[in-house]
Amino acid sequence: MDAKEMIKIDNLNKSFGDLHVLKNINMTVYDSDVVCLVGASGSGKSTLLRCLNFLEKKDSGKIIIGEREIIPGTHNLNKVRQKVGMVFQHFNLFPHKTVLENIIEAPTMVKKIPKDQAIAEAKVLLSKVGLEDKANVYPSKLSGGQKQRVAIARALAMEPDIMLFDEPTSALDPELVGEVLTTMKELAEEGMTMVVVTHEMGFAKEVADWIVYMNEGKIVELGKPEEFFNHPKEERTKEFLRTTMLK
Amino acid sequence: MPSLAHFLHILAETKGLFLNALLLTLKLTVVSILIGIVIGLFFALLKISKFKIAGFISDTYVYLVRGTPLIVQIFILYFGLSGIFLLPDFWAASLALALHNGAYIAEIFRGTIQSVDKGQMEAGRSLGMTKALTLRRIILPQAFRRALPPLGNQFIIGLKDSSLAAFISMNELFNVATTLGSNNFDEMTYLLIVAVYYLVLVALMTFVVSRIEKSLAVSDR
Ligand SMILES: Nc1ncnc2c1ncn2[C@@H]1O[C@H](COP(=O)(O)OP(=O)(O)OP(=O)(O)O)[C@@H](O)[C@H]1O
Ligand SMILES: [Mg+2]
């Protein structure tokens, strides 16, 4: 494998109290890869994703981002998070700020980029997600799909190396799912390294380089989409595919 | 009850006398509310901090203030501390009112800060913003906005509570009204007059708060 390792997870464990949510997770994400995390509700997908930008604190194991293992307390997590963008199911836009202000907030306040420059860059991002005309609108005036595209632009404004998506289309009306998936597909085509928790099997099939199926805190199966969907190896994967594909 | 004509006559005649009292009441109220906001924000932040001891200090403060009458607090600051240092009456009253309002304002801020969706903090953190920066830029502006209606309510209470400064001989509205009333053997007229002054001030305050609310509401969901 020539590609650079962007994320390496080594024997990751995480519990909430007595609930062992992530059990010995091992996984590597290479540069420009799109990894789709699938699995039933409660299987630990979000927790795994949140461990990757340290919104959740792991109990044991290693998380290597880029070249080095990230150790909370030793490394500056704020610096790490600048390189690992995250898109949430419920968008989490800042409601008291306009679309443009949402996007330039972190670049100007964290990276101290001059405001003019940040605005210019934000406008490029907005046109990329097809919302250049919404720059001065407040989030409350946007549809769900538009909100999520702004959230993507906001994360991209920090110029991350990796983007994490936690069910980015699950809170959307069905007719708005497509526009967000299209934006994500374009991002994937540009070579962004992405880890996507999703229930959109069509998207996973089409865009993912790898599918990771999780069940009860373990990675059950990991494969290329073609193999994963057409020739799943594990009984539990087959069962999962049967139930999700029926929907 | 005084006749309406008598009431209006006295109202017009005494407006000069009441003007200074009104200004003093306003000064007491505004100063104590501004300081109270700072105190309230400080204790609200202590309360939500991850340090248990900070939360305990905040709880204790709120308990002490809410558990004792304001008049006792004013007397303690004015008379009680006089052995250590003498607080001028204006500052004794202002500080007592500020400490008193501060406890209630702390509870207001604590509630509205905690009412901001936790996804907001996560979004800020995920962008590489520190906790303090996210608090300042993202959480507090939203918490302030939500705090405005209950704060407006607290301001009104603070305005009326400032009448207790009369008991350390400050010539604010209530004191002037009772003094003039007893000097002229006409207590009821003067009490009604001072009630009108308070009603006007409350109306003004309500108006100002609702204007601020409206001007901040542009982005409301
Ligand atoms: N902060 C928390 N405290 C306690 N338990 C939690 C917490 N977060 C998640 N859990 C529990 O951990 C388990 C895994 O949750 P997680 O959110 O990672 O699942 P998921 O695969 O993302 O599910 P979904 O598809 O419903 O989003 C669940 O049982 C959940 O209830
Ligand atoms: Mg989840």
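The values are calculated or read from the model by the stated rules, or taken from the named source; none is laboratory data. Values in this document were obtained by computation on a predicted structure and should not be read as measured data. Heads up, the Cβs are rebuilt from the backbone with ideal geometry, glycines too, and the neighbour counts pull from every protein chain shown.
For this structure, a couple of remarks:
- Exactly one residue among A:Lys23, A:Lys14, A:Lys8 is buried (at least 21 other Cβ atoms within 10 Å of the Cβ), basic (Lys, Arg) and either part of a strand (DSSP E or B) or in contact with a Leu (Cβ under 6 Å, 6 or more places away or on another chain) (or both), and that residue is A:Lys14.
- Residue match in region A:93-102 (condition: at pLDDT 95 or above, within 16 Å of ligand 1 (Cβ to nearest atom) and touching a Gly at 6+ places or on another chain (Cβ under 9 Å)): no
- In summary, A:Asn230 fulfils each of the numbered conditions (1) within 16 Å of ligand 1 (Cβ to nearest atom); (2) among the polar types (S, T, N, Q); (3) without any contact (Cβ under 8 Å) to a residue 24 or more places away in the chain with the single exception of condition (1).
- Candidates A:Thr198, A:Thr183: the one that is farther than 24 Å from A:Lys8 by Cα, surrounded by 18 or more Cβ atoms within 10 Å (Cβ to Cβ) and among the polar types (S, T, N, Q) is A:Thr183.
- Checked against the criterion of being loosely packed, with under 14 Cβ neighbours inside 10 Å and β-branched (Val, Ile, Thr), the candidates B:Thr60, B:Thr29 yield just one match: B:Thr60.
- Yes/no for A:Ile152 being closer than 23 Å to A:Val212 by Cα, surrounded by 16 or more Cβ atoms within 10 Å (Cβ to Cβ) and within 14 Å of chain B (Cβ to nearest Cβ): yes
- Selection over region B:188-211 of residues that are surrounded by 14 or more Cβ atoms within 10 Å (Cβ to Cβ) and either modelled with pLDDT under 90 or over 20 Å from B:Ile156 (Cα atoms) (or both) gives a count of 2.
- Residue in region B:121-136 that is away from chain A (no Cβ under 14 Å), part of a helix (DSSP H, G or I) and either touching a Gly at 6+ places or on another chain (Cβ under 7 Å) or modelled with pLDDT under 95 (or both) present: no
- Counted residues, region A:136-149 - those being crowded, with 18+ Cβ neighbours inside 10 Å and farther than 17 Å from A:Glu200 by Cβ: 5
- Search result, residues across region A:48-84 that are within 16 Å of ligand 1 (Cβ to nearest atom) and at the interface with chain B (Cβ under 9 Å from one of its Cβ atoms): A:Arg50, A:Asn53, A:Phe54, A:Leu55
- Counting the residues of region A:85-103 that are within 8 Å of chain B (Cβ to nearest Cβ) and not in a loop (DSSP other than H, G, I, E, B) gives 2.
- Which numbered condition A:Ile64 misses (of (1) more than 30 Å from B:Arg145 (Cβ to Cβ); (2) part of a helix (DSSP H, G or I)): (2)
- Residue in region A:30-40 that is assigned to a loop (DSSP other than H, G, I, E, B) and within 16 Å of ligand 2 (Cβ to nearest atom) present: yes
- Region B:6-94 holds helices (runs of 4 or more DSSP H) entirely within its bounds, and those carrying 1 or more residues that are within 27 Å of B:Ser115 (Cβ to Cβ) map to B:15-48, B:52-66.
- Residue count for region A:129-149 satisfying the condition of being part of a helix (DSSP H, G or I) and of a type in the set (S, T, N, Q): 3.
- Selection within region A:81-94 - surrounded by 20 or more Cβ atoms within 10 Å (Cβ to Cβ) and away from ligand 2 (no atom under 16 Å from the Cβ): A:Arg81, A:Gln82, A:Val84, A:Gly85, A:Leu93, A:Phe94
- Hey, B:Ala177 within 14 Å of chain A (Cβ to nearest Cβ), crowded, with 16+ Cβ neighbours inside 10 Å and out of contact with any Asp or Glu (no Cβ under 8 Å at 6 or more places or on another chain) or not: no
- The listed residue being within 14 Å of chain A (Cβ to nearest Cβ) and farther than 17 Å from B:Phe7 by Cβ, out of B:Phe144, B:Phe167: B:Phe144
- Of residues in region A:104-117 being within 10 Å of chain B (Cβ to nearest Cβ) and outside any helix (DSSP H, G or I), the one surrounded by the fewest Cβ atoms within 10 Å (Cβ to Cβ): A:Lys111
- Flag not set for B:Gly102, criterion: more than 14 Å from chain A (Cβ to nearest Cβ), over 30 Å from A:Leu49 (Cα atoms) and free of Cβ contacts under 8 Å to residues at least 40 places away in the same chain.
- Test: residue in region B:198-210 that is within 14 Å of chain A (Cβ to nearest Cβ) and touching a residue at least 12 places away in the same chain (Cβ under 8 Å): no
- Tally of residues being of a type outside the set (Asp, Glu), within 16 Å of ligand 1 (Cβ to nearest atom) and more than 14 Å from chain B (Cβ to nearest Cβ) across region A:3-47: 26
- Among the residues making up region A:48-80, those that are in contact (Cβ under 8 Å) with a residue 60 or more places away in the chain and either among the hydrophobic types (A, V, I, L, M, F, W, C) or within 16 Å of ligand 2 (Cβ to nearest atom) (or both) are A:Leu48, A:Leu49, A:Arg50, A:Leu52, A:Asn53, A:Ile65.
- Complete set of residues in region A:155-171 that are within 12 Å of another protein chain (Cβ to nearest Cβ), within 16 Å of ligand 1 (Cβ to nearest atom) and crowded, with 24+ Cβ neighbours inside 10 Å: A:Leu164, A:Phe165
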